[in-house]
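Chemist: Below you will find the structure I want to go over with you.
The values are calculated or read from the model by the stated rules, or taken from the named source; none is laboratory data. Everything numeric in this text was worked out from a predicted model, so none of it was measured. All Cβ positions, glycine included, derive from the backbone under ideal geometry; neighbour counts span all protein chains shown.
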Amino acid sequence: MAEKLENHTSAEDSEILVKGKQVSNIEAERVTLRHCQASNVKANTVVLSQSGVDTLTGQTVSLRQAGAQSVKGQTVTVSQGGVLQAKADNLSLEQSGLVFAETQELNLKGSMAGAVLASGNVTLTQSATRLIATRGNVNLDQSGTGVLLAGNVKTGDNTGMILVIAGRIDGNVNAVFGPASSAAFGAAFAIVFAFILWLRRVIR
């Protein structure tokens with residue numbers, strides 16, 4: 001059983017390493033958690049291994065077989081983990097799950113995501129999402145998504161979508177609706193933004 005430590009907050013320490021403990025608040029330049037549970041973690045560099053955190057904030061964040069309810073950072077990498085809500089400049093997931101993300105660049109490999117709002121490029125490899133809305137380009141390989149809104153879409157083999165609205169589509173894609181459907185265009189935006197507003201209210 002993990003040892004419980006009610007408060008472990010330190011802004012002065014340059015590095016904090018916690019193993020097998022339950023902590024409340026941690027703040028440092030670098031934080032590494034292994035087999036731990038924490039409420040709030042804030043650092044420039046955060047590494048989680050087989051741990052769980054409620055709120056996590058950092059410049060560079062790495063989760064390995066770990067989970068978090070809320071993650072904010074510039075570069076966030078998740079491997080065999082799960083995140084409820086993420087906000088990052090660059091977000092990468094491998095064999096992981098995500099409910100909602102706001103990011104510039106997104107890379108999913110063997111992962112699943114709910115709703116994704118991006119301002120840059122999105123790449124899916126052997127992954128699936130319910131919704132992607134981005135001003136950038138989307139590259140899908142052996143992947144699928146429910147609703148996709150993007151500038152340009154490039155698809156590889158075994159790619160499927162329910163509804164796609166894009167300026168240009170390169171490659172073969174199985175879609176129920178396409179960009180030529182004006183009725184679907186209006187319905188898509190109504191569905192997308194209603195879902196986004198509802199989801200953000202739920203997870204906050």
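Chemist: Cβ-Cβ distance below 8 Å, separation of 6 or more or different chains: which pairs start in segment 143-155 with a residue that is more than 13 Å from residue 171 (Cβ to Cβ) and end on one that is in a strand (DSSP E or B) and among the basic types (Lys, Arg)?
Modeler: What qualifies is 145/130; 146/130; 147/130; 151/168.
Chemist: Could you please give the count of residues in segment 72-85 that are part of a strand (DSSP E or B) and either modelled with pLDDT of 95 or more or surrounded by fewer than 19 Cβ atoms within 10 Å (Cβ to Cβ) (or both)?
Modeler: 9
Chemist: Any idea how many residues of segment 118-148 are touching a helix residue (DSSP H, G or I) at 6+ places or on another chain (Cβ under 8 Å) and modelled with pLDDT of 90 or more? Before you say what the answer is, go through the steps one by one.
Modeler: Step one: of segment 118-148, the residues touching a helix residue (DSSP H, G or I) at 6+ places or on another chain (Cβ under 8 Å) are 131, 133, 147.
Checking the rest, the ones that are also modelled with pLDDT of 90 or more come to 131, 133.
Matching residues across segment 118-148 total 2.
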